[in-house]
């Protein structure tokens, strides 16, 4: 993943502040208990020289839904936060960038059920060009493992919320994979079905059919997941949302992960087992090409997904 490069401005609680002034007290409630929500959003430099934020409105809508789940009342409108995302890019003169809106509880009280801590909102951005695991991974694919950590059940976690504290399991799974020299970890659900990777949705291809776990299970309703399904439909690729097991993952013809950071990343190996021919397959390639054409091509086919910077 791209290293964070310091820029000049961060949007914090309704105004632009200097990067070094965007600080918080060490007794901020979210720092201790994890009750907060965030989004990861990408902007892309396009082939015609412009720059656009990809599916900005959908990301901000999901942020509000996550906060509703977490009983956090955002003291700004959706339009305020959309405008804030555009502002941090323009003021920092960023084009290809990663945008991180965060809603959290600041310093006030530390009781678990307190309502005295103020709801704070920040939007930061920094330059990001290239693939999250390196540009070579988009061409060759990554090596993954099925993690010893599980994705929580739908009655044990808020699976449709992008909530800060819920990512501890993903962090531990990612570290586990890294210690073993692998690029990524894939988590099963409590029943042993494939759920998602540490921060990406999972797709497999078998006999030309694209398959992904259904949203009724403990997977995040990924915006890139939704994008891939739309692209597949427009390309005439049959898509199914259904449960599948670990060994079905091993025996798939193709596997790829998708997400804001991952974009469309092929997987060439899982648990030491080669996937298909050991390189990205034809369906993955078609979807990669369609995705990158949508986000940065000179003539966008899906203009409603793009917010000009």
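Here, each number is a calculation from the coordinates, and none is a lab measurement. It should be emphasised that the depicted structure is a prediction, and the values quoted were computed from it without experimental measurement. Quick reminder, even Gly has a Cβ in these numbers, built from the backbone with ideal geometry, and neighbours come from all protein chains shown.
For the chain, what is the calculated [θ] at 222 nm in deg cm²/dmol (nearest 500), taking -39500 (n - 2.57) for each run of four or more DSSP H residues and dividing by its residue count?
On the way: 8 runs with 83 residues, N = 309.
Taking each H run of at least 4 residues, the total per residue is -8000 deg cm²/dmol.
Could you state the angle between the C-alpha long axis of helix 168-179 and the longest principal axis of the C-alpha atoms of the chain, as a value from 0 to 90 degrees rounded to the nearest 10?
Between helix and principal axis, roughly 50 degrees.
If you average the alpha carbon positions of the stretch 102-128 and of the stretch 1-25, how far apart do those two centres end up, in angstrom?
14
Kindly put 196, 91, 127 in sequence by how many other C-beta atoms sit within 10 Å of each C-beta, fewest to most.
Details: 196 26, 91 15, 127 18.
If I rank by nearby Cβ atoms, fewest first, I get 91, 127, 196.
Can you give the angle from 0 to 90° between the axis of helix 282-296 and the longest principal axis of the chain, with both taken from C-alpha atoms, to the nearest 10?
30
For a footprinting-style exposure proxy, rank 164, 85, 251 by other Cβ within 10 Å, fewest first. Each step should come with its number before you reach the end.
Numbers: 164 20, 85 25, 251 14.
Fewest to most other Cβ atoms nearby, the residues stand as 251, 164, 85.
Looking at the stretch 58-154 from every direction and averaging, what is the projected area of its Cα convex hull in nm²? Don't skip to the answer; put the middle values down first.
Working: hull surface 38.8 nm².
That works out to 9.7 nm².
Using only C-alpha positions, report the orientation-averaged shadow area of the convex hull of the stretch 135-296, nm², one decimal. All intermediate terms of the calculation are to be shown ahead of the outcome.
On the way: hull surface 34.9 nm².
Averaged projected area of the stretch 135-296's Cα convex hull equals 8.7 nm².
On a 0 to 90° scale, report how tilted helix 223-234 is relative to the longest principal axis of the chain, with both axes built from alpha carbons and the result rounded to the nearest 10.
40
Return the Rg/Rh ratio of the chain with Cα-based radii and a Kirkwood Rh.
Numbers: Rg = 19.3 Å, Rh = 20.1 Å.
Expressed as Rg/Rh, it is 0.96.
As a test, work out the antiparallel percent of DSSP beta bridges whose residues both lie in the chain, rounded to the nearest 5. Intermediate values should be presented prior to the final figure.
Values: 48 of 58 bridges.
Looking only at bridges with both residues in the chain, the antiparallel portion is about 85 percent.
Taking every DSSP beta bridge that has both residues in the stretch 135-296, what percent is antiparallel when rounded to the nearest 5? Walk me through the intermediate numbers first.
On the way: 20 of 30 bridges.
Of the beta bridges lying entirely in the stretch 135-296, close to 65 percent run antiparallel.
Computed from the mean reciprocal separation of all distinct C-alpha pairs, what Kirkwood hydrodynamic radius does the stretch 9-127 have, in Å? Spell out each step's value before the answer.
On the way: mean 1/r = 0.0674 Å⁻¹.
It is 14.8 Å.
Select from 216, 52, 170 the residue whose mean-square fluctuation is largest in a Gaussian network model of the chain (Cα-Cα springs shorter than 10 Å).
Residue with maximal mean-square fluctuation among 216, 52, 170: 216.
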